[in-house]
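Since the structure comes first, as structure tokens, the remarks are kept for the end.
Bear in mind these aren't lab numbers, they're just calculated from the coordinates by the rules spelled out. Owing to the predicted nature of the structure, the values given are computational and were not obtained by experimental measurement. Cβ placement follows ideal geometry from the backbone for every residue including glycine, while neighbour counts extend to all protein chains displayed.
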Amino acid sequence: MSADSETQAAIAEARSLFIGNCYGLAVLALFVYDYLITLGSEVTLFWMPREVNGASILFLLTRYITLATEILNVAPFPASFHGTVVMIMAAVVIRSLQYLPWAAFSALRVYALCPGPYRFLIAAIVLPLSLVPLLINMLVNLHWVHYLDDPQGGVIVVDMLSPSVNLKFIIASRASLVLADLLVLCVTWYQTYETVKVSRRDLADLAKPTFASTLLRDGTIYFLTLLMLNVLHMIFSLTSIGSNNVFDLASVIPYFEEPLTSILTSRFLVNLQQVKHRLAGSSRSLSQMSEPAFQPQASRNMNGFIGSLGAQLSFDEEESDI
């Protein structure tokens with residue numbers, strides 16, 4: 001009976017490893033596909049200008065931290081115990097660092113869109129909320145996870161957290177992202193919806209997207225998609241309590257959640273840069289368009305950083321009178 005139990009456990013572990021590798025390869029294929037079809041835009045918009053700004057820093061961090069994470073997820077482990085542990089811990093750190101550019105992107109968008117009196121306050125709320133998953137991932141995987149050297153089974157990962165405590169951490173990390181996403185979405189709609197309506201009415205001949213329409217469209221798609229994934233992650237984590245099935249939806253969603261976040265963020269930044277380059281080369285002045293005007297509000301260095309993302313938005317008085 002004991003031999004049968006050990007055999008079943010070995011089969012289940014092998015099956016879990018195989019399916020996990022399949023998920024990892026599927027996500028890597030999706031990410032590499034998106035990387036290849038947007039490589040031309042990356043070179044044109046972020047490499048050829050040869051200037052360091054906020055958009056290029058966020059874009060490159062978003063792309064290449066996630067790429068490194070996905071490669072490490074499918075890379076073979078070293079033969080030595082020490083090498084395997086180092087590789088696992090490096091993967092944990094790099095995976096957690098993905099949230100840093102995403103959090104900065106959310107905070108900077110809110111900072112750019114909010115009116116002056118609330119700019120720092122709202123950004124100061126969004127930034128720490130968006131960084132909660134980074135802190136939790138680092139804390140859980142580097143402090144409460146230990147590794148044992150098994151001569152027969154290789155490296156054994158021992159999770160010192162109880163399932164109930166682990167669930168609380170999952171809920172906290174996802175709930176913080178949900179709150180941040182909702183806040184950014186509300187600010188984006190409040191500050192850009194009326195501008196897009198005015199632009200469509202007064203500039204009907206301009207079929208190409210503007211800053212406001214890009215912020216509204218991509219911002220809505222971006223944050224609603226992530227909101228849905230985070231909510232589903234929490235729901236499936238709650239419903240999987242006590243389940244022995246290692247292939248439930250709660251374990252599948254994390255495979256796709258972070259790569260999709262990276263893809264959406266990079267696409268958002270590419271679209272903003274395309275609009276910026278088109279308007280910069282246009283013969284029309286931004287001040288003559290029913291679009292947000294970009295006004296210097298902060299220091300020169302901060303303006304240079306945020307301006308590359310779309311600048312701070314202030315609406316013309318003529319627009320408010322329409």
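One table, with the values for the structure above:
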quantity: Where GluC sites (Glu not before Pro) fall in DSSP loop in segment 1-96, at most 14 other Cβ within 10 Å; calculated: E51
quantity: Calculated FRET efficiency for the pair V52/T239, C-beta based, R₀ 30 Å, to 0.05; calculated: 0.05
quantity: Percent of Cα pairs exceeding the 30 Å cut-off, where the set is segment 51-210; calculated: 36 percent
quantity: Within-14-Å neighbourhood charge of R174 [Cβ basis; K, R +1; D, E -1]; calculated: -2
quantity: Distance between modelled label sites at L182 and R278, nm, 7 Å Cα→Cβ extension; calculated: 3.4 nm
quantity: Distance (nanometres) between label positions extended 7 Å along Cα→Cβ at V252 and I94; calculated: 2.7 nm
quantity: FRET E, pair V43, Q152, Förster distance 35 Å, beta-carbon r, rounded to 0.05; calculated: 0.10
quantity: Label-point gap, in nm, between L135 and A175 - each point 7 angstrom along Cα→Cβ; calculated: 1.5 nm
quantity: Rounded Å value of the spacing that divides the Cα centres of segment 16-41 and segment 124-161; calculated: 23 Å
quantity: Per-residue Cβ neighbour rank within 10 angstrom, fewest leading, M160, M87; calculated: M160, M87
quantity: Summed residue charge, Cβ within 13 Å of L272's Cβ, Lys/Arg positive, Asp/Glu negative; calculated: +4
quantity: Theoretical FRET efficiency, 1/(1+(r/R0)^6), r = Cβ-Cβ of S80 and A124, R0 41 Å, to 0.05; calculated: 0.35
